[in-house]
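*Asks:* So that we are looking at the same thing, I have put the structure below in structure tokens.
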Amino acid sequence: MLSIKNLHAEVDGKPILRGINLDIPAGEIHAIMGPNGSGKSTLASVLAGREEYEVTQGSVTYKNHKLLELDPNERACEGVFLGFQYPVEIPGVSNLYLLRAAINARRKYHGEPEIAAIDFMKLVQEKIDYVGMSMDMVKRGVNEDFSGGEKKRNEIFQMLMLEPTLALLDETDSGLDIDALKVVADGINRLRSPERSTVLVTHYKRLLEYVVPDRVHVLYKGQIVRSGGPELADTLEAEGYANLETDETAATS
Amino acid sequence: MAAHQEDVEALVAEREYEAGFVTDLESDTIAPGLNEDVIRFISGKKDEPEWMLEWRLEAYRQWKQMKSPKWPHLHYAPIDYQKISYFSAPKSSAGKPKSLDEVDPKLLETYAKLGIPLHEQEMLAGVEGASYPRSNNVAVDAVFDSVSVATTFKGKLKDAGVIFCSISEAIQEHPELVKKYLGSVVPRGDNFFAGLNAAVFTDGSFVYIPKGVRCPMELSTYFRINAENTGQFERTLIIAEAGSHVSYLEGCTAPQRDENQLHAAVVELVAEDDAEIKYSTVQNWYPGDENGKGGIFNFVTKRGDCRGARSKISWTQVETGSAITWKYPSCILTGDDSVGEFYSVAVTRGMQQADTGTKMIHIGRNSKSTIIAKGISAARGEQAYRGLVKILPSAANARNFTQCDSLLIGDKCGAHTFPYVESRNSTAKLEHEATTSKIGEDQMFYCLQRGLTEEDAVSLIVNGFCKDVFKELPMEFAVEAQKLLDVTLENAVG
């Protein structure tokens, strides 16, 4: 599904990713953990195509595409979804309007006709129930006057509507109460299938109690310093990120 | 980051001006220049009564003493009023056609091309490819250069007691109404451009809604400038008697030319007790090219008088065209409990400049006004919101709410806000909110990440920004305004 080779990226001339190697097979959920500033969010943003990050080396293969050569909207239409850490507000544009535009953009990209209004509304009705949002909420402006938790629910709602093949969730769990966390976890689990993959960028192990990942990777100073099964998250929780310094030395020597 | 901002700028840098064609027909145009003989000529062409000519000449004498205003935030070379031709009419319109069959086919073709159907049957059927509100419930007065060439649905309106005709015709047919109301809201000496208009106005629309009548259809005027080196000076007068209601729309386009052309209009509205006038404009005059060559100079005085108690006047404007826009649709809230509203979206791109806003003059008790102004500047566009809210001592419990929002696309454009407030009654309550924002990187990326193209993303964000104004437009107009905005901000690279 996704194969990252020796990926280097910088912002304003400052290197952030310093040689990432990572393979995510179809059907798997991988968690990327690490302390603040280790490059977790940068990795998600680079994969989604955010322009302020400059890729200086390396390659990324997604399905049969050289991912880095696609425009951000092309990546989206090919099934890459980024769940934002800080979803923006777009005043005056309803959530539904944006979603319908998003669905139709995909359909157009694949040479398919636009979604019928009635089919769209059926889909909306089905998915809002999963995330505990009301019709009134999704008719409001994109994230307008939403609380932090509501914004994250909305990201999951959008993900369920768009059914991506590769979901990159950037700290979707941060700042959530337990109910919202369960909603987010439930949304991720619902999309779990042999043809989809998910990357969970997270600071804490909390989400991983509800979504059991196939693999856990630790990102530190722009490199993956340790990889393992779900139990690695427990180790990190117990030991913290303090021992990474030695890991890094080990990895590079 | 910088690279991305440039992309957004490129998106709005160029666009096609679809209405920029010229209709090739023989016209009757007088030589450039302005003097009393020219005014006599115009008046004579229209077979006007003596009182009308005298009114014009007096306006001209006043105008000669006036100077063009220096206070607007606009930069342009001085206009030579002797180099403009003050009258141009298609030759075929001499002896005004009685029916559409007599109208020059080239004129009909022009309006068809602009998407404005003048055949009532076609309007009922809807015309393919029309870019103007398509509805079977809109009557149209079509003004071409200096003359009105056709007015539709006059019969149906007459049955309801509504008078809808060109101002020239009203001077002939309803002199008592014209005499009573012309210049009663915008006096001849009001300002430089209004004075010029009073002297040389050529055509425009006249609307009279009798007492208690709800106008059975939307009324609209479509202004088209075609001839070279001519100015268009139209004059519109709308009178809503007690308890009546009317919704009026106007649209405007002009050919793409390298020279600037002057458009100086005056619009006067009068609303008696409990009457309501809703006046909507979609202004799409040729804006000039991206280097500022050509385009219409749009100097317009629009004012409504809420004369009666509980009367209401609502201005909604979408201003996307013109090289220069100088325009402040205003309300004089004379009647107790009267209501004035101003909803505006103005777009300046390329080298366009706009100094626009409104004036709300509160005289009556409990009078209320609302101002929502949205300015969008792109490329090297410059825009100023200029608004006056004035509360006179008589206006106890007057209320005003003002909201001005500016959206900047790129970093070479400008937005300025000049709000003036004069309150002379301590019971008045005034609120003012203003914001300036840029189309955010974050908003753009969010939309792109959801699969939208850059063009669609800009369009979506801008339309969201304008929503509060668009929702005030009549349905068909709202759709057209949205499309026009999309075209205005369209990427030529596509």
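*Asks:* Criterion first (within 13 Å of chain B (Cβ to nearest Cβ), touching a strand residue (DSSP E or B) at 6+ places or on another chain (Cβ under 7 Å) and over 29 Å from A:Asn243 (Cβ atoms)) does A:Leu166 satisfy it? Can you show your working first?
*Replies:* Working: within 13 Å of chain B (Cβ to nearest Cβ): yes; touching a strand residue (DSSP E or B) at 6+ places or on another chain (Cβ under 7 Å): yes; over 29 Å from A:Asn243 (Cβ atoms): yes.
So A:Leu166 passes the test.
*Asks:* Sticking with this structure for a sec: Looking only at strands (runs of 3 or more DSSP E) that lie completely in segment A:139-253, which have at least 1 residues being over 27 Å from A:Pro72 (Cα atoms) and open to solvent by 50 Å² or more (accessible area, probe 1.4 Å)? So that I can check it myself, show each step before the final result.
*Replies:* Details: elements: A:166-170, A:197-201, A:215-220, A:223-228.
Correct list: A:223-228.
*Asks:* How many residues does segment B:304-315 contain that are in contact (Cβ under 8 Å) with a residue 60 or more places away in the chain and closer than 14 Å to B:Thr281 by Cβ?
*Replies:* Residues that pass the stated criteria total 2.
*Asks:* So in segment B:408-461, with the set limited to residues that are closer than 16 Å to B:Gly357 by Cα and among the hydrophobic types (A, V, I, L, M, F, W, C), which one is least open to solvent (accessible area, probe 1.4 Å)?
*Replies:* B:Ala415
*Asks:* Something else about it: Can you name the strands (runs of 3 or more DSSP E) wholly within segment B:324-368 that have at least 3 residues being in contact with a Leu (Cβ under 7 Å, 6 or more places away or on another chain)? Can you show your working first?
*Replies:* Values: elements: B:324-327, B:330-333, B:339-348, B:353-362.
Ranges flagged: B:353-362.
*Asks:* Could I ask something else about it? Going by the conditions given, is A:Phe81 without any contact (Cβ under 8 Å) to a residue 60 or more places away in the chain, among the aromatic types (Phe, Trp, Tyr) and within 20 Å of A:Pro164 (Cα to Cα)? Talk me through it step by step, then tell me what you get.
*Replies:* Numbers: without any contact (Cβ under 8 Å) to a residue 60 or more places away in the chain: no; among the aromatic types (Phe, Trp, Tyr): yes; within 20 Å of A:Pro164 (Cα to Cα): yes.
Here the answer is no, as A:Phe81 does not meet what is asked.
*Asks:* Return the residues of segment A:74-104 that are within 9 Å of chain B (Cβ to nearest Cβ), surrounded by 20 or more Cβ atoms within 10 Å (Cβ to Cβ), within 20 Å of the chain's Cα centre (by Cα) and not in a loop (DSSP other than H, G, I, E, B); say none if nothing qualifies.
*Replies:* Answer for segment A:74-104, where residues must be within 9 Å of chain B (Cβ to nearest Cβ), surrounded by 20 or more Cβ atoms within 10 Å (Cβ to Cβ), within 20 Å of the chain's Cα centre (by Cα) and not in a loop (DSSP other than H, G, I, E, B): A:Arg75, A:Ala76, A:Cys77, A:Val80, A:Phe81, A:Leu82, A:Leu98, A:Leu99, A:Ala102, A:Ile103.
*Asks:* Conditions: (1) under 25 Å from B:Ala379 (Cα atoms); (2) at pLDDT 90 or above. B:Lys302 meets all but one. Number of the miss?
*Replies:* The failed condition is (1).
*Asks:* Please go through segment B:180-191 and give me each residue that is outside any loop (DSSP other than H, G, I, E, B) and either among the aliphatic types (A, V, I, L, M) or at pLDDT below 95 (or both), ordered by number. So that I can check it myself, show each step before the final result.
*Replies:* Looking only at segment B:180-191, we keep the residues that are outside any loop (DSSP other than H, G, I, E, B), and these are B:180-181.
Within segment B:180-191, none qualify.
*Asks:* Looking at (1) open to solvent by 30 Å² or more (accessible area, probe 1.4 Å); (2) under 24 Å from A:Thr198 (Cβ atoms); (3) within 11 Å of another protein chain (Cβ to nearest Cβ), can you tell me which one A:Asp129 breaks?
*Replies:* (3)
*Asks:* Among B:Glu455, B:Glu382, which is within 14 Å of chain A (Cβ to nearest Cβ), within 30 Å of B:Gly321 (Cα to Cα) and either in contact (Cβ under 8 Å) with a residue 60 or more places away in the chain or among the acidic types (Asp, Glu) (or both)?
*Replies:* Details: B:Glu382 fails: within 14 Å of chain A (Cβ to nearest Cβ).
Only one candidate passes the filter, namely B:Glu455.
*Asks:* Can you report the number of residues in segment A:112-125 which are open to solvent by 80 Å² or more (accessible area, probe 1.4 Å) and more than 14 Å from chain B (Cβ to nearest Cβ)? Show your work before the answer.
*Replies:* Just the residues of segment A:112-125 that are open to solvent by 80 Å² or more (accessible area, probe 1.4 Å), to begin with: A:112-114, A:118, A:122, A:125.
Then drop every residue that is not more than 14 Å from chain B (Cβ to nearest Cβ), which leaves A:113, A:118, A:122, A:125.
Matching residues across segment A:112-125 total 4.
*Asks:* Any residue in segment B:336-347 that is under 13 Å from B:Gly387 (Cα atoms) sitting within a Cβ distance under 6 Å of a residue that is acidic (Asp, Glu) and open to solvent by 10 Å² or more (accessible area, probe 1.4 Å)? List the pairs, counting only those 6 or more apart or interchain.
*Replies:* Between residues of segment B:336-347 that are under 13 Å from B:Gly387 (Cα atoms) and residues that are acidic (Asp, Glu) and open to solvent by 10 Å² or more (accessible area, probe 1.4 Å), the close pairs are B:Tyr343/B:Glu472.
*Asks:* Which condition number in (1) over 24 Å from the mean Cα position of the chain (by Cα); (2) under 25 Å from B:Gln172 (Cβ atoms); (3) in contact (Cβ under 8 Å) with a residue 40 or more places away in the chain is the one that B:Gly44 fails?
*Replies:* Status for B:Gly44: all satisfied but (3).
*Asks:* Let me ask something else about it. Among (1) open to solvent by less than 10 Å² (accessible area, probe 1.4 Å); (2) farther than 30 Å from B:Arg303 by Cβ; (3) within 14 Å of another protein chain (Cβ to nearest Cβ), there is one condition B:Val469 misses while meeting the rest; what is its number?
*Replies:* (2)
*Asks:* Can I ask one more? Based on what the data block shows, is A:Tyr109 within 11 Å of chain B (Cβ to nearest Cβ), aromatic (Phe, Trp, Tyr) and surrounded by 19 or more Cβ atoms within 10 Å (Cβ to Cβ)?
*Replies:* On the way: within 11 Å of chain B (Cβ to nearest Cβ): yes; aromatic (Phe, Trp, Tyr): yes; surrounded by 19 or more Cβ atoms within 10 Å (Cβ to Cβ): no.
Against the criterion (within 11 Å of chain B (Cβ to nearest Cβ), aromatic (Phe, Trp, Tyr) and surrounded by 19 or more Cβ atoms within 10 Å (Cβ to Cβ)), A:Tyr109 does not qualify.
*Asks:* Could you please find all residues in segment B:28-48 being assigned to a loop (DSSP other than H, G, I, E, B) and either surrounded by 15 or more Cβ atoms within 10 Å (Cβ to Cβ) or aromatic (Phe, Trp, Tyr) (or both)?
*Replies:* Our first condition is that a residue be assigned to a loop (DSSP other than H, G, I, E, B); within segment B:28-48, this holds for B:30-35, B:46-48.
Once the filter is applied, which keeps residues that are assigned to a loop (DSSP other than H, G, I, E, B) and either surrounded by 15 or more Cβ atoms within 10 Å (Cβ to Cβ) or aromatic (Phe, Trp, Tyr) (or both), segment B:28-48 yields B:Ile30, B:Pro32, B:Leu34, B:Lys46, B:Glu48.
*Asks:* For segment A:88-113, which residues satisfy the criterion of being touching a Phe, Trp or Tyr at 6+ places or on another chain (Cβ under 9 Å) and small (Gly, Ala, Ser)?
*Replies:* Hit for segment A:88-113 is A:Gly92, nothing else.
*Asks:* Can you find a residue in segment A:59-73 that is within 25 Å of B:Glu441 (Cβ to Cβ), touching a residue at least 60 places away in the same chain (Cβ under 8 Å), more than 14 Å from every other protein chain (Cβ to nearest Cβ) and open to solvent by less than 10 Å² (accessible area, probe 1.4 Å)?
*Replies:* yes
*Asks:* Next up: Is it fair to say B:Ala265 is farther than 14 Å from B:Ser369 by Cα and out of contact with any Pro (no Cβ under 8 Å at 6 or more places or on another chain)? Show your work before the answer.
*Replies:* Numbers: farther than 14 Å from B:Ser369 by Cα: yes; out of contact with any Pro (no Cβ under 8 Å at 6 or more places or on another chain): yes.
It is true that B:Ala265 is farther than 14 Å from B:Ser369 by Cα and out of contact with any Pro (no Cβ under 8 Å at 6 or more places or on another chain).
*Asks:* Give all pairs with beta carbons closer than 7 Å in which a residue from segment A:102-129 that is closer than 22 Å to A:Glu155 by Cα meets a residue that is of a type in the set (S, T, N, Q) and assigned to a helix (DSSP H, G or I); count only pairs at least 6 apart in sequence or on separate chains.
*Replies:* A:Ala105/A:Asn73; A:Ile115/A:Asn104
*Asks:* What do you reckon, is B:Ala379 open to solvent by less than 10 Å² (accessible area, probe 1.4 Å) and farther than 16 Å from B:Val318 by Cβ?
*Replies:* Details: open to solvent by less than 10 Å² (accessible area, probe 1.4 Å): no; farther than 16 Å from B:Val318 by Cβ: yes.
So B:Ala379 fails the test.
*Asks:* Pairs please, first residue from segment B:354-365 and among the aliphatic types (A, V, I, L, M), second anywhere and modelled with pLDDT under 95, Cβ atoms under 6 Å, 6+ apart in sequence or on different chains.
*Replies:* Final answer for the pair search is B:Ala354/B:Thr325; B:Ala354/B:Ala346; B:Ala354/B:Thr348; B:Ala354/B:Gln383.
*Asks:* If you don't mind, another one. Any idea which of B:Ala254, B:Ala275 is farther than 28 Å from B:Gln62 by Cα, at pLDDT 95 or above and crowded, with 23+ Cβ neighbours inside 10 Å? Before the answer, list the steps.
*Replies:* Details: B:Ala254 fails: at pLDDT 95 or above.
Answer to the check: B:Ala275.
The values are calculated or read from the model by the stated rules, or taken from the named source; none is laboratory data. Everything numeric here is computed off the predicted structure, so don't read it as measured data. With ideal geometry, Cβ positions are generated from the backbone for all residues, glycine too; neighbour counts draw on all protein chains shown. What goes into the accessible areas is simple: the full protein's heavy atoms, side chains included, and nothing from ligands, DNA or RNA. Shrake-Rupley method; radii C 1.70, N 1.55, O 1.52, S 1.80 Å.
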